[in-house]
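The values are calculated or read from the model by the stated rules, or taken from the named source; none is laboratory data. Since this is a predicted model, take the numbers as computed values, not measurements. Here the Cβ positions follow ideal geometry from the backbone for every residue, glycine too, while neighbour counts run over all protein chains shown. When the accessible area is computed, the model is the full protein with side chains, heavy atoms only, and any ligands, DNA or RNA have been set aside. Shrake-Rupley method; radii C 1.70, N 1.55, O 1.52, S 1.80 Å.
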Amino acid sequence: MTSTNPALRHQVIRIYKDLLYLGREYPQGYDFFRTRLHRAFASQKNLTDEKKIRKGIERAEFVKKEIEALYYLKRYRTLRQRYDKS
Amino acid sequence: MSGLRILVPVKRVIDYAVKPRVNRAQTAVETANVKHSMNPFDELSIEEAVRLRERKVPVEEIVAFSAGPPKAQDILRTAMAMGADRGIHVQIDEKEGKGELEPLGVAKLLKRVVEKEKSNLVILGKQSIDDDAGQTGQMLAALLNWSQATQASKVQVEGDSVIVTREVDGGVETLKAKLPMIITTDLRLNEPRYASLPNIMKAKKKPLDKKTLKDFEGDFSARLKTVKVTEPPPRKGGIKVEDVDGMISKLKELGAL
């Protein structure tokens, strides 16, 4: 596998690892998350155009933010149910 | 004033998403092999301390503190990943609910820590989601004889006074007090950030003091005795009635009519 740009390759690996780390708390389980994440990244492995790779990284960053927001909301709603509604 | 020295006590509790189980002897909740995380209300306190700094309020230092089993260090790392500068861990050996500090013990311990660290603002979670006592902050305020603002939903610092907004029945209440003071956090204070992997890695380089109860002066032994811990009764399922007459007779049976 020859990478077009080693810096980009590094970025892709880093966001992949970040997402994997986030997935450990995924509601449907880590295995569910990991296989899907792997598939999503593998489906993009043929990208060679630098612009497209950057787009892909951007999308991954977006997904990361979405998952963080999902976790926050899930916890907030549960706590509100338990402590705020009387 | 040289700046805020914030102390944030955090607690390691059973994760909010886990359903707690009572142990067989009915003395405590099962904690072995159960997922633990930082008490959500304490996450709010850390976040608020970090946000104060980000809002250019002069914050000299944010110290995270935890008293608990060795694994409480992971929680302190999370706190430092979120933005605390350093951590203090007082190791306590808990076994099946024994040896655990009760709120008064924690408050006495915190008083010593506050004196030692010369903190002038303590931000605590309003309660922990495991024993739900909701007492530590108030007890600490009493022991230190400081002002307190409980269940804050907004915190503003102006010079050496702090303005805290709290949600009360049918509106909000605004309190103003001079430093030093105690603040406890309510659910809607802020949205805690996620402790990301790179930040947790960086947090491993931040200093973490390890201590034991013997390093502090005072009596932290428990005064309360847990008599029994039981699970709530299971919810009884409803029934379907055939028609209106059926419903009325059922209601009569229950004494509602």
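Numbers for the structure displayed
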item: Rounded to 5, percent antiparallel among DSSP beta bridges of the stretch B:4-254; result: 40
item: Cβ-derived FRET efficiency at R0 51 Å, B:ASP93 paired with A:GLN28, nearest 0.05; result: 0.90
item: FRET efficiency for B:LEU254 and B:ALA142, using Cβ-Cβ distance with R0 set to 41 Å, rounded to 0.05; result: 0.30
item: Average Cα contact separation per residue, chain B, under 8 Å, 6 or more apart, as relative contact order %; result: 24
item: Coil-residue trypsin sites (Lys or Arg not before Pro) of the stretch A:1-52, DSSP, other Cβ within 10 Å capped at 14; result: A:ARG24, A:LYS45
item: Acute angle (nearest 10 degrees) that the helix B:40-54 long axis makes with the longest principal axis of chain B, alpha-carbon atoms; result: 30
item: Average beta carbon contacts from partner chains per residue of A:16-26, 10 Å cutoff; result: 2
item: Per-residue mean of C-beta atoms belonging to partner chains within 10 Å, peptide B:15-21; result: 2
item: Volume per residue that the Cα convex hull of chain B spans, once the total is divided by residue count, Å³; result: 192
item: For B:192-199, mean number of other protein chain Cβ atoms within 10 Å; result: 4
item: Under the Debye formula (equal points on every Cα, no solvent term), log10 I(q)/I(0) of the protein assembly as shown at q = 0.07, 0.09, 0.12 Å⁻¹; result: -0.39, -0.61, -0.95
item: Accessible area of the protein assembly as shown belonging to carbon and sulfur atoms, whole % at 1.4 Å probe; result: 51
item: Acute angle (nearest 10 degrees) that the helix A:6-23 long axis makes with the longest principal axis of chain A, alpha-carbon atoms; result: 20
item: For the stretch B:27-75 and the stretch B:122-162, distance of Cα centres in Å; result: 14
item: For the stretch B:157-228, fraction of C-alpha pairs farther apart than 19 Å, in %; result: 70
item: Degrees, to the nearest 10: B:72-82 long Cα axis against longest axis of chain B; result: 70
